[in-house]
């Protein structure tokens, strides 16, 4: 069992909708909750939404921030090995 508090306006709109459609408030609330939960499953968190973009600025290479130290060491080694 669930109790939901609605403003007068919300309750009036819900009542009018249910009368117009010929369905109960319980069915409308159940369907609304189902739609909400389905949408929440589909939505991505900020990291998931941008994962394919992270690290691609400029070079187009994804792992620049991970391999930065290694690249700097290689460049210095090349510079000083001559």
Exercise for review: Please work out how much length the chain gains when fully extended from residue 14 to residue 38, using 0.36 nm per residue of separation minus the C-alpha to C-alpha distance, in nm with one decimal.
Suggested key: 6.5 nm
Practice item. Return the FRET efficiency for the residue pair residue 68, residue 45: r is the Cβ-Cβ distance, R0 is 25 Å, and the value is rounded to the nearest 0.05. Key: 0.45
**Study point:** R0 of 22 Å, Cβ-Cβ distance residue 77-residue 53: FRET efficiency to nearest 0.05
**Key:** 0.10
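Any read-out appearing in this document is the output of simple, stated calculations on the displayed coordinates, not a laboratory observation. Keep in mind it's a predicted model, so treat the numbers as computed, not measured. Note that each Cβ is placed from the backbone with ideal geometry, even for glycine, and that neighbours are counted across all protein chains shown.
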